[in-house]
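Student: First, the structure itself, so that you have it in front of you.
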Ligand SMILES: [Zn+2]
């Protein structure tokens, strides 16, 4: 190995120039090569700076007053799987500026050396490129296979050095949304640029104060899209009072659907009686059993005592829940009990509703199948599996002997089966989809409908309530995509006095956030790109599980977005 002695100066004649083609091809300027050597598992090259002066990095003044020369070792990109070690001879100069904070400084060879770095600029860039996209342990293994030996900790350090430069003043349109770092416990807010979809910032929480603090930096933001949370609305108002807020369209329409679903559940008995002609006979309400509970476990008894104690001490349900790490809903459930009890034995709807028929079936020795057919013949509907499970719980002593067990009755007629399926459809969650989406179950190319679709259309056709609900939903969706904000007023006016309580409450709720909703109709910006970004966040977050701090996460998702990266 070549050693640089004190006497060696820049124009050292012992260091002969060798072929400079490689240096030229690589594009290094300001260095010359004086040796190449192939070792068993690495290639060594000797480089020398050709400059006789350099700029002081601290004050900017040029100096040609040589102080000393020394050799640095940096690693370059591997060649044919072999490591490439560069021995670079660099100069230390004296800074002649009396006002400068430093007496001496070392020159850097452009593209080869960087301050404190033991790898070339090219190698660092490539490493950042690779390591930014994969987990550090995977990255270190991948690099090893290429001939670059780094540990997973080094891999992390390299990624951390990626600098995401943000010019806060240049962003006009923003989106903000949250994602869970620990679902149900910890959330972060993510701010992205609505135009380029580039992630800008991860806010440590979704609280109003934190979000407002982050948003204050975006002084020139004119439009900010958010979901319907009041925390964001308040934060935007606080930080960027001039910015127009946009409530996300997708969430609005989704909310409308949720209210419609609730309404559908409430109105179902009315729908049933409207359709009683089609259904032949109204569903028998039967004898509803009282809810049954398992005997309480020791945990249930402890929880019951603790919650009641805290409640008596004057705490709210929310703070009790936070204290005991359970949801406020669970707290309310325990508070509603007069004594501790175990889990609710799922009251099987079918068993409770058709208890008379079932009991009669058991006494006359019928099997599951026969009992089910009896229920359907009587105008009800039960799922076979649900009936078996329910009966096993309620009648544990009932054991039909062979196969379906006991006697069977005559099988159901086609009309009875058809009626049973119609009943099942009305009771299922699918009904909401059929009401809200007229093209669900219709083939796009041929216009062919599924049987269930046809059945649902027949039901909707005959029921005024279902038609009303469909009308409310589709008209709201049309208003949202229609581009005419004033139509919203008419919609709210029409439905806030509606006989359907959930639709009415939805319409009234809209009034609270009316400006942001009208902006959503007026502008094309939405939280759509945000949802895509959130998916990226989730993928990246899981790939770096356990080592994910916010700074690293932001770098990684930015690299993932691969747009406008400034790698320094
Ligand atoms: Zn200086």
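Student: How high is the FRET efficiency from residue 418 to residue 450, r the C-beta distance, R0 22 Å, rounded to 0.05? Mind dumping the intermediate values first?
Tutor: On the way: r = 15 Å, r/R0 = 0.68.
After rounding to 0.05, the efficiency reads 0.90.
Student: What is the extension gain from residue 542 to residue 301, computed as 0.36 nm multiplied by their sequence separation minus the C-alpha to C-alpha distance, in nm to one decimal?
Tutor: The residue 542-residue 301 span can extend by a further 83.0 nm.
Student: Ok, one more. What does the extension gain come out to for residue 273 and residue 324, with contour length at 0.36 nm per residue minus their alpha carbon separation?
Tutor: 13.8 nm
Student: Tell me, how many Å apart are the Cα centres for segment 177-209 and for segment 298-333?
Tutor: Segment 177-209 and segment 298-333 have Cα centres spaced 30 Å from each other.
Student: Rg over Rh of segment 1-118, using C-alpha atoms and the Kirkwood radius, what does it come to?
Tutor: Working: Rg = 15.1 Å, Rh = 15.2 Å.
My calculation of the ratio gives 0.99.
Student: Determine the percent antiparallel among the DSSP beta bridges restricted to the chain, to the nearest 5.
Tutor: 70 percent
Student: Another question about this same structure. Rounded, prolate or oblate: which fits segment 157-204 when a ≥ b ≥ c are the square roots of the eigenvalues of the alpha-carbon gyration tensor, with rounded for a/c under 1.5 and prolate only if a/b beats b/c?
Tutor: oblate
Student: For residue 169 and residue 501, what does the FRET efficiency come to when R0 = 56 Å and r is the distance between their Cβ atoms, rounded to the nearest 0.05?
Tutor: That pair, residue 169 with residue 501, gives E of 0.70.
Student: Let me ask another. So if R0 is 45 Å, what FRET efficiency would residue 142 and residue 219 give, r being the distance between their Cβ atoms, rounded to the nearest 0.05?
Tutor: About 0.60, to the nearest 0.05.
Student: At 7 Å along Cα-to-Cβ for each site, give me the label-to-label distance between residue 16 and residue 522 in nm.
Tutor: The answer from the label model is 7.9 nm.
Student: Run the simple label-point estimate for residue 24 and residue 80 please: 7 Å along Cα→C-beta, distance reported in nm.
Tutor: Placing both labels 7 Å along Cα→Cβ, they lie 2.3 nm apart.
Student: Could you give the distance between the Cα centres of segment 513-541 and segment 102-121, to the whole Å?
Tutor: 45 Å
Student: Apply the a/c threshold of 1.5 to the C-alpha gyration tensor of the chain and tell me whether it is rounded, prolate or oblate.
Tutor: Because a/c hits 1.5 or more and a/b exceeds b/c, the chain counts as prolate.
Student: Would any residue of segment 71-109 have its amide N under 15 Å from a label point 7 Å out along Cα→Cβ of residue 65? List them or say none.
Tutor: 92-106
Student: With each label point set 7 Å from Cα along the Cα-Cβ vector, what nm distance links residue 154 and residue 94?
Tutor: Using points 7 Å along Cα→Cβ, the separation is 3.8 nm.
Student: Next question. Contour minus end-to-end for residue 481 and residue 40, with contour as 0.36 nm per residue of separation and end-to-end as the Cα-Cα distance? Please list the in-between numbers first.
Tutor: On the way: separation 441, 0.36 × 441 = 158.76 nm, distance 6.84 nm.
Stretched fully, the residue 481-residue 40 segment lengthens by 151.9 nm.
Student: Compare the peptides 473-480, 63-70 by average per-residue count of other Cβ atoms within 10 angstrom and give them in order, highest first. Show your work: numbers first, answer last.
Tutor: Numbers: 473-480: 18.2, 63-70: 14.6.
Result, highest mean first: 473-480, 63-70.
Student: Here is a further query. Given the peptides 520-527, 309-316, arrange them by the average over their residues of other C-beta atoms within 10 Å, most packed first.
Tutor: Details: 520-527: 18.2, 309-316: 12.0.
Highest mean packing first, the order is 520-527, 309-316.
Just so you know, all these numbers are worked out from the coordinates, no wet-lab data involved. What you are looking at is a predicted structure, and each value in this text was computed from that prediction instead of being measured. Please note: Cβ atoms are built from the backbone with ideal geometry, for glycine as well, and neighbour counts cover all protein chains shown.
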